[in-house]
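Each reported figure results from applying straightforward, stated rules to the coordinates on display, with no laboratory input. Since the model is a prediction, treat every value here as computed from it, not as a measurement.
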Amino acid sequence: MERQMVMWPAVTLLGFLVLTALVIAMGTSSTARYEAEKRAASASRSRGSAPEATRATATATAVL
């Protein structure tokens, strides 16, 4: 009877630790994916806007 009293809290603690590790692993992988997508979008935006900025500067200079 006493063995059963110790077993259930241990099983509960082990389950909690396993689920906590699973949540941390899932959060880490989704955060890494989000950051990679954000960097890719930022890089494509900065590459796309550089020619537009050059064109705008040339147009403004020609108007002056």
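Remark: the stretch 3-8, residue by residue, has Karplus-estimated 3J(HN,Hα) of 5, 5, 5, 8, 5, 5 Hz, where x stands for each Gly or Pro and the curve is 6.51 cos²θ - 1.76 cosθ + 1.60 at θ = phi - 60°.
Using 0.36 nm per residue and subtracting the Cα-Cα separation, the extra length available between residue 44 and residue 25 on full extension is 3.9 nm.
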